[in-house]
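Below is one structure, written out as structure tokens, with a few remarks after it.
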Amino acid sequence: MSVLVVVPGFATRSSIWPVRFREALEAHHRVCWVDRVETVHQRPIEEGAVLVGWSLGARVLGSHPEVTAARMLITLGYHQYFGFGVPVQQVAFATFLDRYRRSPKPAIRRFQQLVVRGEPNPVDALQCLAAATQPVAEINLEQLALLGLPMPDLPIPVIPLVGQDDPLCQLPNTKLPGGHLGFLSYPDQWARAILGVI
């Protein structure tokens, strides 16, 4: 049985993962639910672990000094670089980073309003995001800036899972429902997708 190391994204705690999503993964694997992306590099990676990172969490896992100990990296809502397949978002990242540096709370709110756009019930998704938001004082700006750099070439498989309506990342022929928060709106389907590639 593999251990799964599951990491949330920007400005979000591990409470973002819905109960049905958690239960589906825990029924098949031992799961380490990392609470904040900021703590990822403080933890050693167990040999043969399966890494699962959402958005910024995926990029930070890709930069972990022990990433090669893992069996694979599964990225949720992220592929190769920020805004993959959505050029307007890739270009907008530098502006977002500047706005965040000057006024973090409004920047987080704008980000949250953007990422819920691909969900069938954006109001519910926004409430879940708000409930899981971490305090600004805990956010690591250096790690956030990693989104401006492409994912390094890794000697382990990197498997992207992207929602068909994701406003921040698009892959051709994707079948997963929902958007950047597809695991919130469709927890069973997203958990099955992760289990299916392990």
In terms of the Cα gyration tensor, with a ≥ b ≥ c the square roots of its eigenvalues, is the range 1-74 rounded because a/c is under 1.5, prolate because a/b exceeds b/c, or oblate? oblate
About the Cα centre of the chain, what is the dipole size in debye to 20, counting +1 per Lys and Arg Cβ and -1 per Asp and Glu Cβ, all else neutral? 420
For every helix of n ≥ 4 consecutive DSSP H residues, a contribution of -39,500 (n - 2.57) applies; sum these over the chain, divide by its total residues, and give [θ] at 222 nm rounded to the nearest 500 deg cm²/dmol. -10500 deg cm²/dmol
Where a ≥ b ≥ c are the square roots of the eigenvalues of the C-alpha gyration tensor, would you call the chain rounded, which needs a/c under 1.5, or, failing that, prolate if a/b is larger than b/c, or oblate? rounded
Could you please rank Asp165, Asp124, placing first whichever residue has the fewest other Cβ atoms within 10 Å of its Cβ? Asp124, Asp165
In whole percents, the bins of 5 Å from zero upward hold the Cα-Cα pairs of the range 138-198 as 4, 15, 19, 20, 20, 17, 5, 0
What residues have an amide H closer than 5 Å to that of Met72, excluding those fewer than 5 places away on the same chain, when H is modeled at 1.01 Å from N in the peptide plane? Leu51
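Bear in mind that the values in this text are calculations on the coordinates, not laboratory data. No experiment lies behind these values; they were computed from the predicted model shown. Cβ: placed from backbone, ideal geometry, glycine included. Neighbour counts: every protein chain shown.
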